[in-house]
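K.L.:
The following block contains the structure, expressed as structure tokens.
The values are calculated or read from the model by the stated rules, or taken from the named source; none is laboratory data. As the structure is a prediction and not an experimental result, all values here were calculated from the model. With ideal geometry, Cβ positions are generated from the backbone for all residues, glycine too; neighbour counts draw on all protein chains shown. Side chains are part of the model used for accessible areas, which takes the heavy atoms of the whole protein and leaves out ligands, DNA and RNA. Shrake-Rupley method; radii C 1.70, N 1.55, O 1.52, S 1.80 Å.
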Amino acid sequence: MPSTVVHLGVGAVVAAALLGDEFDRRAVAVVLAATAVPDVDTFAGLYMEGAHRALLHTLVLPVAAGTILAYDTRIRPVSRLHGRWGPRGVRVAWVALAGLLIGGILPDLMTNGVNAFYPFYDRFLTVDGELLLSNQRGVVQTFVDLSAQPERTTENTHYWTGVDPTRGEEPTNVERIFPVVRSGFQLLVIVLGAFTLGARFWEER
């Protein structure tokens with residue numbers, strides 16, 4: 001599963017690409033903080049079984065936040081966000097929302113899965129597979145597979161972490177592993193994020 005460092009690598013690319021003239025350390029910190037928010041449900045898993053990858057990894061979170069943000073900045077006659085922070089605050093808020101979705105949730109959706117519509121629909125979904133063009137089989141895709149049994153829900157699914165390595169009562173002497181990088185591709189994402197942010201900060205000097 002992607003570590004928080006990998007998520008932050010994606011969030012860094014989002015920040016560097018979308019902040020525009022509002023790019024600075026504080027704005028980047030806000031975007032990276034929003035990117036890291038979903039992984040906080042790791043700690044909720046200690047008290048609510050199945051909460052990790054469900055409570056804050058749900059797509060309901062960015063949809064709700066986006067709806068509130070759109071209402072405040074697009075529909076409401078006087079935007080509270082704009083009134084307090086100006087155009088900068090609006091830009092940073094939208095980019096932070098993009099960081100939350102693209103950097104915080106989607107990498108997990110595409111790696112082992114998330115409870116995408118929790119709490120309205122309790123089922124872990126994964127977008128993972130391949131798309132091939134074959135001269136013998138035509139178009140082959142394995143992204144959509146509705147045959148998985150049993151359905152993975154918060155009752156029967158646990159994603160281990162260093163904080164919560166086992167489901168239920170913890171055995172003694174359990175190894176706690178805190179992943180940082182688990183593949184060359186994840187390392188590439190981290191390097192890309194660091195390089196992109198570094199290049200933007202260099203340009204802004």
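K.L.:
State the dimensionless ratio Rg/Rh of segment 6-84 (Rg: radius of gyration of Cα atoms; Rh: Kirkwood radius).
P.N.:
Radius of gyration over Kirkwood radius for segment 6-84 works out to 1.05.
K.L.:
Something else about it: Could you give the alpha-carbon Rg of segment 45-84 over 2.2 N^0.38 Å, rounded to two decimals?
P.N.:
1.68
K.L.:
For residue 201, what charge total do you get from the other residues with a beta carbon under 14 Å from its beta carbon, if Lys and Arg give +1 and Asp and Glu give -1?
P.N.:
In short, 0.
K.L.:
Hey, can you find the accessible area per residue of the chain for me, probe 1.4 Å, expressed in square angstrom?
P.N.:
In whole numbers, the chain has 61 Å² accessible per residue.
K.L.:
Continuing with this model, one more query. I need the calculated FRET efficiency for the pair residue 194 and residue 143, taking r as the beta carbon distance and R₀ as 35 Å, to the nearest 0.05.
P.N.:
Efficiency, rounded to the nearest 0.05: 0.70.
K.L.:
If you put +1 on each Lys and Arg Cβ and -1 on each Asp and Glu Cβ, how big is the dipole of the chain around its Cα centre, in Debye rounded to 20?
P.N.:
820 debye
K.L.:
If each residue of separation counts as 0.36 nm, what is the full-extension length gain between residue 40 and residue 175 once their alpha-carbon separation is subtracted?
P.N.:
46.5 nm
K.L.:
Quick one: compute a quarter of the convex hull surface over the Cα atoms of the chain and quote it in nm².
P.N.:
15.7 nm²
K.L.:
Peptides 1-12, 41-52, 183-194, 25-36: what's the order by average Cβ count within 10 Å, highest mean first?
P.N.:
The densest-packed peptide leads the list: 1-12, 25-36, 41-52, 183-194.
K.L.:
Shifting gears a bit: Take each of the peptides 195-203, 130-138, 94-102, average the number of other beta-carbon atoms within 10 Å over its residues, and list them starting from the highest.
P.N.:
94-102, 195-203, 130-138
K.L.:
Check which residues have an amide H placed less than 5 Å from residue 110's amide H, if you skip close sequence neighbours.
P.N.:
Placed amide hydrogens put 127 under 5 Å from residue 110.
K.L.:
In Å and from the alpha-carbon atoms only, list the Rg and Dmax of segment 39-124.
P.N.:
15.0, 43
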